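Here's the structure, in structure tokens; my notes come after.
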């Protein structure tokens, strides 16, 4: 199917992604908090870039192809909203400082671009493993919600020593891990030996999460179009937009005192949806999921405005 697209089409898409990510990385080269204004600007930029690419597809390959791209883009956006909240739970679990979160997610996107390409190229045969992976991850998501709830009742403390953290215990038998973060580094060298840091473990888990959610979203887009170029490009543009939306939500959470409770509820809902999907008990459409997310966030925002915390 790729014969319909010229080398220039592929290079044009790659160029847009490389240039935009380079500008993004340069503008966030310092480890500082991402403000609501900054997150809103970048969210808007990625939406405009996606629409501009849809216009380009329409001009070069017809309106039908452009409409399929937009349909795939919107579907991936709605299906990947769950991913956004799970990533927030993972960063909370690892107690990643907010000024380092952009660096983690930036390189997480690089990993997602590569892994999504492999996943889409491999086709839907990987779905044979999907249900059991989703069952495990559904439980893990609900556990993350509980962990976030417990953390919300305590004063936020930075984790300095990760020796007893579950991820370090699980992987230190196979990979040399330094139990402490070294600034924003993913690797550190001690006595000539290279160790990965807990920040790198967090990055690896975020990439695994993206593949888990790809089991759900990629086949859904393939149902709309079997054109691999449109499936891949719509996937990538949607993921890039969601990363900016993550910072918008994360920044808002600093000012809206009850928004975290909404996030916890959404995580429980996501975990529950995964489990019932595994056993084919009830099928919840993407519209229902998106409605639950939007309504929960709305309640969190309104309650924060009406009942602000007092010092």
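All of the numbers you see were taken from the coordinates with simple rules; none came from a lab. Everything numeric here is computed off the predicted structure, so don't read it as measured data. Virtual Cβ from ideal backbone geometry, glycine too; neighbours counted across all protein chains shown.
Descriptive notes on the structure:
- Counting beta carbons within 10 Å around each of 257, 202 and listing the fewest first gives the order 257, 202.
- Using the Stokes-Einstein relation with a Kirkwood hydrodynamic radius computed over Cα pairs, the translational diffusion coefficient of segment 1-114 at 20 °C and a viscosity of 1.002 mPa s comes to 133 µm²/s.
- Ranking of 232, 100 by count of other Cβ atoms within 10 Å, fewest first: 100, 232
- In whole angstrom, segment 43-107 maps to an equivalent ellipsoid with semi-axes of 32, 13, 7, each derived as √(5λ) from the alpha carbon gyration tensor and ordered largest first.
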